[in-house]
Amino acid sequence: MTNSRSGVFVVSVLVTLTWLLLALFTIPRAISRDVGDYGFFTGIAERLRAGDVLYVQVWDNKDPLVFYSLAIARTLGPNGVIGAWLLEILWVVAAATALYVIARFQRVSRPLAAYVGFGLGPFVILGVAYFMGSTHLPAIALTLMCIACIYSRHPVVAGISVGLIIFFKLVLAPMAIVIAMTALFALKRRTDLRWFVLGVGSVIAAMSVVLLVRGEIVGFAETQIHNVLYSQSPIVTAEQSGLLQKIAQHIVILVNPQVAAIEFTTLAIVVLTAPWWSRSKLQNGSTSVLWWITASGFTGAVAVIGVTGKWFHHAQALHIPAALSLVLLASWLVNATTIRSLFIAGLCVLVTYPLAGLPQPSLYAAAVTKLPNRWEQATSPDTLTSILRERSPASVSFVGETIPQASGLEKWTIACRHIAQRPFNPEEVFDETLECLPSSEVVVVSQALDVTTNFPAYDAFIAGVRGTLDAGFVCEENAGLLICESRQGV
């Protein structure tokens, strides 16, 4: 795969097919019940579009730029689909472009660099732990952009990228900083450090002003304390409180077979390309730098998951070193061996599958075969939004894990800022919700009220909800949801 016209043509065709598939794969999801993370993101974004104050009037534990960017994006297209879709693709484009730039600095030919960056890289970036709308994706893209900017001597932009990570995915910011420091010192760019810090500081200062003006800075700080405590809280049973049990709930992600495939393949590439092997010493200095960057990224990802990981999608932290290892392998094969580019491309294809976490082919097939149904769902308002649109605007609270996700409810107000409650939430979330619930004019319940869980505090909360509804509300079932109206308003 050289710079010949035939090589460029083949790469162009393969990259085009890749992006057609990935465009279908990233169509925004529409979820009417048990909305999951992305449903909450869209629901919160719509409340910000309605003028609510994040963390104060409506609450979620994610960082502010997640909601700001999604709120802006959802102004475009039916049900906000086009904007949300383009935003997701934009992050993948940014990450793939960064991989291409890094590969070019490793003396990889343009066609091969384009093939690795734009043809294979997206499959690793959107690996098995990814879900549409994941808050990890912006951090992955920004980290890779930071590395590319350090290589190309744009330290201020590199710093801005890391600064943005703080307000997109704070938990990955330490990992990004370690990677950036590794790149700066390995490339002997110590004079660029001050400009990098300037970039980070400028974003922190600007975002602090935005949060202060919007009245969200205290809520943002308090939410970070919540996130630290949440990362160490049990999610299976309240009895899961011992030190070994807490460690186990993080480690279980790392030993998952699909995650282990990412770890093993990344580590194998790191070992193969280690700079102390005689063959590796034939490479130029910057290839050795990429080895250190990849190794530090892998170490950082394992550490982040081992300390804070709770759910399978938290394994996306590994997508950063996995994508870097793909470029590292291509660079090493180009610079330290005499293997032809065509065979290098083939070897990169082979490692892409385990680096992506061994995804089932049906995952990608469904993106094509189910396109009409997925598009219809994505462009239609969710069930709860449709129900509430038929009612007069009022103050509303939500019990369970179903919230409205579409526009049209701007005149409604949120009575209880915690719009979802899960069994493993801290007890203060339940207490605050029970305290404000009677002030609601409408309460939407999506959780069965006769449920028993492994969390006594949650069971007591549900019992309290039953008592509140029995005492002051009239309820009726609609599409599997319990819509309760205050007796004072009847």
What is the distance, in nm, between label points placed 7 Å from the Cα along the Cα-to-Cβ direction at C436 and at K188? 5.8 nm
Just name one of V56, M132, G43: the one whose Cα is farthest towards the positive end of the charge dipole of the stretch 34-193 (beta-carbon charges, Lys/Arg +1, Asp/Glu -1). M132
By counting other Cβ atoms within 10 Å of each Cβ, how are I225, I82 ranked from fewest to most? I225, I82
With the dipole of the chain defined by +1 on each Lys or Arg Cβ and -1 on each Asp or Glu Cβ, the option from P456, A260, F123 whose Cα lies farthest towards the positive pole is F123
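Using r as the Cβ-Cβ distance of R340 and T369, and R0 as 51 Å, what FRET efficiency do you calculate, to the nearest 0.05? Provide the component values of the computation, followed by the final result.
Working: r = 37 Å, r/R0 = 0.72.
For R340 and T369, the calculated efficiency is 0.90.
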Quick one: length gained pulling A205 to W311 fully straight, 0.36 nm per residue minus the C-alpha distance? 35.0 nm
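Could you give the length gained by full extension between I89 and K411, i.e. 0.36 nm per residue of separation minus their alpha carbon distance, to one decimal place?
On the way: separation 322, 0.36 × 322 = 115.92 nm, distance 3.17 nm.
In short, 112.7 nm is gained.
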Sticking with the crude label model, points 7 Å out along Cα→Cβ, report the distance from S12 to E222 in nm, one decimal please. 5.7 nm
Checking understanding here: applying a Kyte-Doolittle mean of at least 0.0 and a length along the axis of at least 27 Å (C-alpha), which whole DSSP H helices in the chain pass? 5-25, 81-105, 193-214, 285-308
What does the extension gain come out to for V56 and A260, with contour length at 0.36 nm per residue minus their alpha carbon separation? 69.5 nm
Quick one: dipole size for the chain, taken about the Cα centre, charges +1 on Lys/Arg Cβ and -1 on Asp/Glu Cβ, in debye to the nearest 20. 2820 debye
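As a test, work out the antiparallel percent of DSSP beta bridges whose residues both lie in the stretch 383-489, rounded to the nearest 5.
Numbers: 10 of 16 bridges.
Close to 60 percent.
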Within 10 Å of each residue's Cβ, count the other Cβ atoms and sort S325, S109 from fewest upward. S109, S325
Dipole of the stretch 383-489 (Lys/Arg Cβ +1, Asp/Glu Cβ -1, origin at the Cα centre): which of Q447, W412, N425 lies farthest to the positive side? W412
Once you mark the trypsin sites (Lys or Arg not before Pro) that are in a DSSP loop and have at most 14 other Cβ atoms within 10 Å, what is the longest gap between them in the chain? 1-106
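If you take the alpha carbon radius of gyration of the stretch 147-206 and divide it by 2.2 N^0.38 Å, what ratio comes out, to two decimals?
Values: Rg = 10.4 Å, N = 60, 2.2 N^0.38 = 10.4 Å.
Dividing the Cα Rg of the stretch 147-206 by 2.2 N^0.38 Å gives 1.00.
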Here are labelled values, (i) 44, 23, 21; (ii) 36, 27, 22; (iii) 36, 31, 20, and one is the computed semi-axes √(5λ) of the Cα gyration tensor in Å for what I pasted. Which one? (i)
Local charge sum around T223 (other residues, Cβ-Cβ under 10 Å, Lys/Arg +1, Asp/Glu -1)? -3
Kirkwood hydrodynamic radius for the stretch 71-192: how many Å is it when counted over pairs of different Cα atoms? 15.1 Å
Please state, as a whole number in µm²/s, the translational diffusion coefficient that the Stokes-Einstein equation yields for the stretch 383-489 at 25 °C and 0.890 mPa s, with Rh defined as the Kirkwood radius across alpha carbon pairs. 176 µm²/s
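At a 10 Å Cβ-Cβ cut-off, how would you order S380, S69, S439, fewest neighbours first? Don't skip to the end; give the middle numbers.
Numbers: S380 16, S69 20, S439 11.
Going from sparsest to densest Cβ surroundings: S439, S380, S69.
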Relative contact order of the stretch 383-489 (C-alpha contacts under 8 Å, at least 6 apart) in percent is 25 percent
Please list, or write none, the aspartates and glutamates whose alpha carbon is within less than 19 Å of the alpha carbon of K169, excluding same-chain residues fewer than 8 places away. D37, D60, D63, E88, E216, E222
Reciprocal of mean inverse Cα separation for the stretch 73-145 (Kirkwood radius, Å): 12.9 Å
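Values quoted throughout were computed directly from the atomic coordinates according to the rules given, and no laboratory measurement underlies them. Nothing here was measured: the structure is a model prediction, and the numbers come from that model. Note that each Cβ is placed from the backbone with ideal geometry, even for glycine, and that neighbours are counted across all protein chains shown.
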